[in-house]
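What follows is one structure encoded as C-alpha cells, with my remarks underneath.
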Amino acid sequence: MALVLSFDTATPHLAVVLAMDGRPIAWREDATKALSHAERLNVFLAEVMQDGGHKLEDLDAVAVGTGPGSYTGLRIGLSAAKGLCFALDKPLIGMGTLEVLVAEKLAAGPPEEGAVLMPMVDARRMEVYTRPFSPAGEPGGATAPLVLDMAWCETRKGGGPTVVFGDGADKAAQLWQAAPWIEHQQGIRPGVNGLARCAHRHFLLGRFSDLAYLVPEYGKPANVAQQRGRGSGTP
C-alpha cells in the first residue's frame with residue numbers, strides 16, 4: 001500500500017491529489033487562469049490531507065511535476081515538495097509535466113495503435129514545449145520548444161496518427177482544423193488522475209529523485225536582458 005501526495009504547478013491548472021496505490025482518495029483543482037499557486041497550494045495540501053483522513057507523517061512519498069512550464073510556478077511547487085520531504089524524511093518523486101499529461105490522457109482510455117502522443121505545454125505565442133510518447137506512455141525523444149505552424153504539421157503526414165493535447169495544443173485550434181491528419185484532443189490538463197497514475201508508476205519502479213539536486217525543467221533559459229544605463233558597462 002503506497003500513500004502518495006502529488007501536485008503540479010507548472011501550468012495555470014493547479015492540481016493536488018492524495019492517492020492510495022494510484023487511486024485518488026482526496027483532491028483539489030483550480031482550473032482558473034488566476035495563477036494563484038502561491039496562495040492556494042499549501043491550503044490545498046492541508047485540505048487534501050484532512051479530506052483523505054491522513055496525516056503528513058503517513059505518506060510514503062511526495063511527487064511533484066518538474067515542468068516544463070511557468071518559471072515561478074515550478075519554483076513554488078518544487079520548494080513545497082522539497083520542504084515536505086526534508087521535514088518528513090520522505091522520498092521525493094520528480095515527474096515531467098508532459099509525462100503527467102500523457103498519464104491523464106491514458107486514464108481516459110488507450111489511444112489508437114501506432115499513434116504518436118504529443119502533449120504540449122504553452123510557451124507563449126505559437127510556441128509550445130513538447131516531446132513524443134508511445135501509446136504505452138514511453139517517451140521517444142527529449143523535451144524541446146516547438147513553434148506550431150503548417151510546416152511542422154506537414155512533417156507529421158504519413159505513418160501513425162499524431163495526437164496533440166494540453167493547453168499548448170488547445171491554443172492552436174485553427175491550425176489543427178487546417179491539418180486534419182493531426183488529431184487534437186481538447187481540454188486535457190495535468191490533473192488528478194494523471195498525477196496519481198504517474199506518481200504510482202514512479203513509486204513502483206523506484207524512480208525517486210535526489211532531494212538536493214532535483215531542479216525544475218524550464219524548457220528553455222529565461223529571456224533576461226541586461227538594462228542599459230549607469231553602471232552597466234555599456235554606453
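Quick notes
- Flag for ASP149 being charged (D, E, K, R) and crowded, with 17+ Cβ neighbours inside 10 Å: no
- Under the condition of being more than 8 Å from GLY168 (Cα to Cα), surrounded by 10 or more Cβ atoms within 10 Å (Cβ to Cβ) and of a type in the set (Asp, Glu), the residues counted in the range 109-128 number 1.
- In the range 43-67, the residues that are under 20 Å from PHE208 (Cβ atoms) reach residues that are surrounded by 19 or more Cβ atoms within 10 Å (Cβ to Cβ) and basic (Lys, Arg) with C-beta atoms within less than 6 angstrom, at least six apart or across chains, in these pairs: LEU59/LYS90; ALA61/LYS90; VAL62/LYS90.
- Scanning the range 77-124 for residues that are among the polar types (S, T, N, Q) and in contact with an Asp or Glu (Cβ under 8 Å, 6 or more places away or on another chain) yields one hit, THR97.
- Sole exception among (1) assigned by TED's automatic domain parsing to the domain that holds VAL43; (2) touching a Gly at 6+ places or on another chain (Cβ under 6 Å); (3) within 23 Å of GLY206 (Cβ to Cβ) for VAL102, by number: (1)
- Given (1) surrounded by fewer than 20 Cβ atoms within 10 Å (Cβ to Cβ); (2) outside any helix (DSSP H, G or I), index of the condition GLU154 fails: (2)
The values are calculated or read from the model by the stated rules, or taken from the named source; none is laboratory data. Computed from a prediction, not measured in an experiment: that's the story for all the values here. Don't worry about glycine lacking a Cβ; one is built from the backbone with ideal geometry, like all the others, and counts go over all protein chains shown.
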